[in-house]
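Colleague: Before we start, here is the structure in question, set down as structure tokens.
The values are calculated or read from the model by the stated rules, or taken from the named source; none is laboratory data. Predicted, not measured: the structure shown is a model, and the values here were computed from it. Cβ atoms come from the backbone with ideal geometry, glycine included; neighbour counts cover every protein chain shown. To get the accessible areas, we keep the full protein, side chains included, count just its heavy atoms, and leave off ligands, DNA and RNA. Shrake-Rupley method; radii C 1.70, N 1.55, O 1.52, S 1.80 Å.
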Amino acid sequence: MDFNMKKLASDAGIFFTRAVQFTEEKFGQAEKTELDAHFENLLARADSTKNWTEKILRQTEVLLQPNPSARVEEFLYEKLDRKVPSRVTNGELLAQYMAEAASELGPTTPYGKTLIKVAEAEKRLGAAERDFIHTASINFLTPLRNFLEGDWKTISKERRLLQNRRLDLDACKARLKKAKAAEAKATCEGDTVPDFQETRPRNYILSASASATLDDTSCPPSWAEWKEEYPGGWRLPCFFLLPLNPSVTRARGCLSLPKDRKLWNDEVDKAEQELRVAQTEFDRQAEVTRLLLEGISSTHVNHLRCLHEFVESQTTYYAQCYRHMLDLQKQLGSSQGAIFPGTFVGTTEPVSPPLSSTSPTTTVATMPVGPSVAGLAPPGEAALHLEVTPPASGTRKARVLYDYEAADSSELALLADELITVYSLPGMDPDWLIGERGNKKGKVPVTYLELLS
């Protein structure tokens, strides 16, 4: 592999300069360029969006897949870019066990028949759960993952670049400040040997040709020796300036002391030029980062749309579950009388009307068969009953378990926890009873009631 040593050394020097600047800022020994308040608010908003998106994503994954082992397996398949194998839901697995149990215990027995009915309902519930998980993953989880793995990584990369540009800018400011201070000091003290250690970049590297000209065994020259040996004054160096004090290390015939301050002015000009370049790069990077951070508002709009779709899919799922369980409840309620003959379904025999003491021909009041009662009997028998009498001894009190909305005028609307009077009529569907509340009456489903003794 071809290594560019100069570039490697330069990058290492830049990294060291940034590290020193960052450390000095932490200890309060260097000034730090502060961002404006609006920019800081954008940064805080972006961080908050990222943190809460991660939490919502993880908890939604737990909701859709409570099994941690299954979640780890899906994560590995996703990272390996392989299709996740289809997995049987808990409801479908329960349905499978119930169907096998009914087949072994006897599908014609009451227990076996009930197992088959429940297994079919659980299978439908499992299919509904599978559809919900699939829909929620596509419409909700995928956009959240795309934000964290795409947009947020881009934002984080640009923020790191902005941080590096700020460290470079602050390092240039500190370098210019030291150069100006050294120039002012030299002006006040007269001819002094310049010290470039504090003004030159820390990554300044001596070339091989320059290092060969150094005499490591020489003694530090005195001021008089410099003046006597180099009467012509300061000459431009023939190699890169070293981050060393020339008062302790002498090059052979290359350095001479200045009679003016031209080199100090050059050093200040160079530091100012570096500062202008660093400021331009910082401003450009700050604008790029600002545009990305302002795009978080669009991300919120997209997540809001995905959240609506998630709620819709969840509503559809629970509505399907409710419908499947209500159908199962009706199926189990219709077979309850055949399985448990002693279960109360109402008195089917009409009670003889009480004798009147005033006239033997007087009869008790009867309830005419109107639209609210005609639908109680099967269609073939509806024409046989012209009028019915509420049985006196077959009535019972019942507590309503759930709210029930009447489908038509023949039914009675119910409110949870209210008490009503119920009874049965000859030929009625065993899943229904006649309910009375005040002067209102109509059909009510047995599954919505708790019969009181």
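Colleague: Pull out all pairs, ordered by first then second residue, where Cβ-Cβ is under 6 Å, the residues are six or more apart or on different chains, the first lies in segment 86-105 and is of a type in the set (Val, Ile, Thr), and the second is assigned to a helix (DSSP H, G or I).
Modeller: Thr89/Gly126; Thr89/Glu129; Thr89/Arg130
Colleague: Please determine whether any residue of segment 83-106 is out of contact with any strand residue (DSSP E or B) (no Cβ under 7 Å at 6 or more places or on another chain) and within 21 Å of Glu149 (Cβ to Cβ).
Modeller: Looking through segment 83-106, at least one residue is out of contact with any strand residue (DSSP E or B) (no Cβ under 7 Å at 6 or more places or on another chain) and within 21 Å of Glu149 (Cβ to Cβ).
Colleague: Is it the case that some residue within segment 73-90 is within 18 Å of Arg166 (Cβ to Cβ) and part of a loop (DSSP other than H, G, I, E, B)? Step through it out loud before you land on a result.
Modeller: Going through segment 73-90, the residues within 18 Å of Arg166 (Cβ to Cβ) turn out to be none.
Checking segment 73-90: not a single residue is within 18 Å of Arg166 (Cβ to Cβ) and part of a loop (DSSP other than H, G, I, E, B).
Colleague: Quick test for you: out of Glu120, Glu100, pick the one residue that is of a type in the set (Asp, Glu), in a helix (DSSP H, G or I), surrounded by 14 or more Cβ atoms within 10 Å (Cβ to Cβ) and at pLDDT 90 or above.
Modeller: Just a single option satisfies the conditions, and that option is Glu120.
Colleague: Look at segment 390-433 and say how many of its residues are in contact (Cβ under 8 Å) with a residue 60 or more places away in the chain and open to solvent by less than 30 Å² (accessible area, probe 1.4 Å).
Modeller: 6
Colleague: Taking only pairs six or more apart or across chains, which ones have beta-carbon atoms under 7 Å, a first residue in segment 275-297 that is assigned by the TED database to the domain that holds Asp168, and a second residue that is loosely packed, with under 12 Cβ neighbours inside 10 Å?
Modeller: Between residues of segment 275-297 that are assigned by the TED database to the domain that holds Asp168 and residues that are loosely packed, with under 12 Cβ neighbours inside 10 Å, the close pairs are Leu292/Thr154.
Colleague: Can you tell me which residues in segment 26-57 are surrounded by 11 or more Cβ atoms within 10 Å (Cβ to Cβ), among the hydrophobic types (A, V, I, L, M, F, W, C) and in a loop (DSSP other than H, G, I, E, B)?
Modeller: Answer for segment 26-57, where residues must be surrounded by 11 or more Cβ atoms within 10 Å (Cβ to Cβ), among the hydrophobic types (A, V, I, L, M, F, W, C) and in a loop (DSSP other than H, G, I, E, B): Ala30, Leu35.
Colleague: Let me confirm something: among Thr17, Thr23, which residue is of a type in the set (Val, Ile, Thr), in a helix (DSSP H, G or I) and open to solvent by 60 Å² or more (accessible area, probe 1.4 Å)?
Modeller: Thr23
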